[in-house]
Amino acid sequence: MRYTIDQFNKEYPYDLDCLKAVFQNRYGDLKACPKCGVADPKFYRVSMRKSFACKDCGYHLYPLAGTIFHKSSTPLRKWFYAIYLFSVSKNGVSAKELERHLGVSYPTAHRMEKQIRKLMQDDTPKLRKNNQPKQADETYIGGRRKLTQRSDNKTAVLGVLEQGGRVKTQIVDKASEATALPFLRDSVEFGSILHTDESKIYINAKKRYDHYKVRHVSKNWVEHGVHTNGIEGFWSQLKRSLDGTYHAVSPYYLNSYVDEFAFRYNYRKTLIFPILVQRAAKPF
């Protein structure tokens with residue numbers, strides 16, 4: 001389950017190959033020409049333009065319009081290579097790293113990484129009721145830690161993870177019962193098995209879920225099979241990556257970074273690059 005640089009170079013050696021891939025992913029299932037209505041239309045590449053024209057009426061389709069590539073003067077293959085770097089990286093790719101790899105300016109690299117991160121927006125459906133426990137937890141990111149309160153100046157993030165499955169996250173103003181319970185209601189089906197620590201924000205979760213707690217205050221990390229090790233492992237990977245790759249992230253952009261690592265976690269058992277290429281062909 002690897003997509004190597006040799007495969008990338010073989011599949012996308014030139015800009016035209018990248019353009020054809022975007023066209024195929026966006027219009028490959030087109031049943032009729034939008035203008036003349038001919039069934040199963042044939043389109044040919046228009047020279048000197050990033051478009052394809054209908055063989056019957058000459059109507060132009062612009063596959064890059066509305067996508068992350070829209071109005072970008074950066075060669076399309078550099079975009080695809082940047083997407084490839086994001087797909088094979090476990091800890092993220094900084095704008096400075098893209099600048100070095102692609103030979104573009106820092107503002108260009110910064111814009112590219114923000115656009116690519118849009119492809120990693122959360123698409124995880126509500127976690128279904130089954131035999132797999134759901135682990136819920138909260139964490140705090142950024143800011144400066146004070147001795148009086150560990151959450152001072154930090155941004156709260158809620159998360160729920162299906163054991164052996166996917167994770168869902170949400171940035172909130174404050175981790176409290178008022179934010180945690182609506183998040184769980186939107187993320188986990190009623191009646192599911194729920195594991196949490198002894199935090200008071202989950203005190204009323206028993207009204208909707210089969211709720212079990214593990215007492216971390218007693219230095220117990222697993223009690224009768226109840227634990228939150230999965231979601232805490234996700235938080236650990238997220239924080240190490242943010243600190244090691246991006247160093248600091250403003251609360252305004254934090255949601256896109258959290259989505260990035262949730263996307264990697266959710267697709268950890270499949271090839272990410274083809275998924276990102278398919279998403280890149282869809283307008284935002």
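Bear in mind these aren't lab numbers, they're just calculated from the coordinates by the rules spelled out. Quick caveat: nothing in here was measured; it's all calculated off a predicted structure. As a convention, Cβ positions derive from the backbone with ideal geometry for all residues, glycine included, and neighbour counts pool all protein chains shown.
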* Asked: Hey, of (i) 121; (ii) 168; (iii) 149, which did the structure itself give for volume of the Cα convex hull per residue in Å³ when calculated?
  -> (ii)
* Asked: What's the extension gain from S72 to R240 if we count 0.36 nm per residue and subtract their Cα-Cα distance?
  -> 57.3 nm
* To do: May I ask for the net charge around A280, where only other residues with Cβ less than 10 Å from the Cβ of A280 are counted and Lys, Arg are +1 while Asp, Glu are -1?
  => +4
* Taking the Cβ of G103 as the center, what net charge do the other residues with Cβ under 14 Å away carry, scoring Lys and Arg +1 and Asp and Glu -1? -> +2
* To do: Mind telling me which of D137, D197, D29 comes out most flexible in a GNM of the chain, alpha-carbon contacts under 10 Å?
  => D29
* GNM flexibility winner over the chain from K35, K239, K206 (Cα, springs under 10 Å) -> K35
* **In region 62-110, the trypsin sites (Lys or Arg not before Pro) that fall in loop regions by DSSP, at most 12 other Cβ within 10 Å** => K71, K90
* With springs only between Cα atoms under 10 Å, which of A180, A39, A205 fluctuates most in a Gaussian network model of the chain? -> A39
* To do: Using a cut-off of 14 Å between beta-carbons, work out the net charge of the residues near E113 (Lys and Arg +1, Asp and Glu -1, E113 not included).
  => +3
* **Antiparallel DSSP beta bridges within region 134-266, as percent of all bridges there, nearest 5** => 70 percent
* Structure fact -> Given pairs K114/K200; K42/K118; K42/K114; K90/K213; K78/K282 and cut-off 25 Å on Cα-Cα distance, the over-length ones are K114/K200; K42/K118; K42/K114; K90/K213
* To do: Kindly work out what percent of the DSSP beta bridges joining two residues of the chain are antiparallel, to the nearest 5.
  => 75 percent
* Asked: Normalised by the number of residues in the chain, what is the relative contact order in percent for Cα pairs under 8 Å and 6+ residues apart?
  -> 21 percent
